[in-house]
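Computed from the coordinates by the stated procedures, all read-outs in this text should not be read as laboratory data. What you are looking at is a predicted structure, and each value in this text was computed from that prediction instead of being measured. Note: ideal-geometry Cβ built from the backbone for every residue, glycine included; neighbour counts use all protein chains shown.
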Amino acid sequence: MTMRRPALLGGGRRRGPGGSARAIVLLLPGGSIRSTRRPVRLAEWSLLRLRRMLAEQSADGIVTYLLRYRYRGWYAGVEAAATATDARWALAEIGRRHRDAPVVLVGNSLGGRAAVAVAGHAAVTAVAGVAPWLPPEVETASLAGRPFLVIHGSADRSEAPALWSLAFAERARADGVRTARFVVPADGHFLLRR
């Protein structure tokens, strides 16, 4: 049986003077709540357009990566928070490749929960959740000292409902986290209408 490993996709464009990175954007795709299967490329697809846009329009020195998880699920068999484990690996790998570069996390759905879970990493300077899966038990402490942005469709009927991200944003704000939340009217989980 082959051991699955996470992978960082991208990172080859937009280097600053001397080939250095001024900042990193780490995109964390969605997935499933429970699954030991391989990730679905459709989950990554939701962030590929954003990755391309950032790579083309960002200032020199902004490097963008997309994380490919080992497993599709947050709960992967006996391993809880598998996607957060992979996100921690990605942050360590980015630190190895781009010493001291600040990192902004952008998580979609399940990736939003992974982003919040690893937000306390020393390199992370900001977190954004796109229709993030933030159930009531998720704590806000990891966001301390980092701005947090949430974008959610008002018609999201997935397992990552807009009411959960609203409640989380309100808790984060009450805990002193600089928080902004935007609602896209009449749009669903994938925010594809606008």
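At a Förster radius of 25 Å, what calculated FRET efficiency corresponds to the Cβ-Cβ distance of GLU139 and ARG5, to the nearest 0.05? The pair GLU139/ARG5 has a calculated efficiency of 0.30.
Under a no-solvent Debye model with one identical scatterer per Cα of the stretch 66-125, what's log10 I(q)/I(0) at q = 0.16, 0.18, 0.22 Å⁻¹? Per q value, in the given order, log10 I(q)/I(0) is -0.46, -0.58, -0.84. Per residue, the convex hull spanned by the Cα atoms of the stretch 55-194 amounts to 121 cubic angstrom. Rounded to the nearest 0.05, the FRET efficiency derived from the C-beta distance between ARG96 and ALA186 at R0 = 35 Å is 0.20.
Computed over the stretch 105-165, the percent of Cα pairs more than 17 Å apart is 30. Is the stretch 136-183 rounded, prolate or oblate when judged by the Cα gyration tensor, a ≥ b ≥ c being the square roots of its eigenvalues, rounded requiring a/c under 1.5 and prolate requiring a/b larger than b/c? The shape class here is prolate. The slack in the chain from LEU50 to SER20, taken as 0.36 nm per residue of separation less the alpha-carbon distance, amounts to 8.6 nm.
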